[in-house]
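Structure, as structure tokens:
Each reported figure results from applying straightforward, stated rules to the coordinates on display, with no laboratory input. Owing to the predicted nature of the structure, the values given are computational and were not obtained by experimental measurement. Neighbour counts run over all protein chains shown; Cβ positions are idealised from the backbone, glycine included.
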Amino acid sequence: MSKPIVATTALASCFGCHMSFLDIDDRILQLIDLVDFNKSPIDDIKTFTKKCDIGIIEGGVANSENYHVLKEFRKNCKILISLGECAIMGGLPAMRNNKDSIESCLKEAYQDSPSTINKNNILPNDEELPMILDKVYPCHEVVKIDYFLPGCAPRADLIWDALVALLNGKEIDPEYKTYKFD
Ligand code: SF4
């Protein structure tokens, strides 16, 4: 019998939520028995090759590539989970939402900050860079999200419990002790 398929991605984020996922430790061996992975940094599959049952999203939407990837996840995954504060409310990258404009944000990041060394005073301008969006959006403002797993990063036990529940056809009902907000 074919196994449920899981896909994961990291948008505007620090990869800490994926690190927390790996903190399920030796349960990863059980997970490999329970599911197959498709597009994910875990197996390094870069594009969807089949429809997936569960998509796990780390990070918010800060640029055109993040937007495109999130839309692809919604199209290819039956259930979509926002994993961690960056996916749920933008997290640290969303601190730039307080700036008046993208121009002032880039100026502060690449020209004016005390730690910046930028002798030629150049702003990033390579045409291959994805277009930066006007602000950082939480995932649910871009696509429908089915479940939210809070934390920075969410505890491994929370991720494990949620996956096991969904794989058994149950709703996610995590114990409060598995929540982590710092
Ligand atoms: Fe990193 Fe925390 Fe954002 Fe996860 S929620 S990507 S751990 S900053």
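Starting from the Cα-Cα distance between LEU167 and GLU65, subtract it from 0.36 nm times their residue separation and give me the gain in nm to one decimal.
Contour length minus Cα-Cα distance gives 33.8 nm.
Helix-only estimate, please: 222 nm mean residue ellipticity of the chain, summing -39500 (n - 2.57) across DSSP H runs of length 4 or more and dividing by its residues, to the nearest 500. Show your work: numbers first, answer last.
Working: 6 runs with 51 residues, N = 182.
The helix-only estimate for the chain comes to -7500 deg cm²/dmol at 222 nm.
Starting from the Cα of ILE32, step 7 Å along the direction of its Cβ; do the same at LEU106; then give the gap between the two resulting points in nm.
Placing both labels 7 Å beyond Cα along the Cβ direction yields 4.4 nm.
Hey, can you grab everything whose amide H is under 5 Å from the amide H of CYS52? Only 5+ residues off in sequence or another chain; H modelled, so Pro and N-termini drop out.
Under 5 Å from the amide H of CYS52 lie the amide H atoms of CYS77, LYS78, each far enough along the sequence or on another chain.
Longer than 21 Å from Cα to Cα, which of LYS39/LYS144; LYS3/LYS170; LYS99/LYS180; LYS75/LYS144; LYS144/LYS170 are they? Say none if no pair is.
Distance filter (> 21 Å) returns LYS99/LYS180.
Antiparallel DSSP bridges in the chain: what percent, to the nearest 5?
About 20 percent, rounded to the nearest 5.
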